[in-house]
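Enquirer: For reference, the structure I am asking about is given below.
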């Protein structure tokens, strides 16, 4: 996700809620960062609600903001979180397919 897209999500959620831009930005950046790290470190697929619940808990611990605030902000940015999750999953599948091809080529040599 580009900086411009992140700022667009922050602007959208800030306008849709009563929270300040700095608060929304901190929550979104923390949640997006953890989503990216989780995707890079885990090959497991998660249901959307389970993943959102995890991101809420993680973001609450990292930022110190209460659950209702964090959940409202992350819910408000749901379409951006979905987009990031989908993009990361596709990248992971591509990398896995490329790795399988490399391994198959190595094994037959």
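Rule-based calculations on the coordinates, nothing more; no lab input. For clarity, every value in this text was computed on a predicted model and none was experimentally measured. Virtual Cβ from ideal backbone geometry, glycine too; neighbours counted across all protein chains shown.
Enquirer: For the Cα atoms of the chain, what angle does the longest principal axis make with the long axis of helix 67-76, in degrees from 0 to 90, nearest 10?
Expert: Long axis of 67-76 versus the principal axis of the chain: about 60 degrees.
Enquirer: Still on this structure, please answer the following. Once the principal axes of the Cα atoms of the chain are found, what is the range along each, listed largest first in whole angstroms?
Expert: Principal-axis extents of the Cα atoms in the chain, largest first: 62, 26, 19 Å.
Enquirer: Per the helix-only calculation at 222 nm, which mean residue ellipticity applies to the chain, given -39500 (n - 2.57) for every DSSP H run of n ≥ 4 and division by its residues, nearest 500 deg cm²/dmol?
Expert: The helix-only estimate for the chain comes to -28500 deg cm²/dmol at 222 nm.
Enquirer: Let me ask something additional. Can you tell me the order of 47-56, 87-96, 71-80 when each peptide is scored by its average per-residue count of other Cβ atoms within 10 angstrom, highest first?
Expert: In descending order of packing, they fall as 71-80, 47-56, 87-96.
Enquirer: Which angle from 0 to 90°, rounded to the nearest 10, does the C-alpha axis of helix 21-41 make with the longest principal axis of the chain?
Expert: 20 degrees
Enquirer: Please give the helix 78-108 orientation as an angle from the longest Cα principal axis of the chain, in degrees from 0 to 90, rounded to the nearest 10.
Expert: Tilt of helix 78-108: around 10 degrees.
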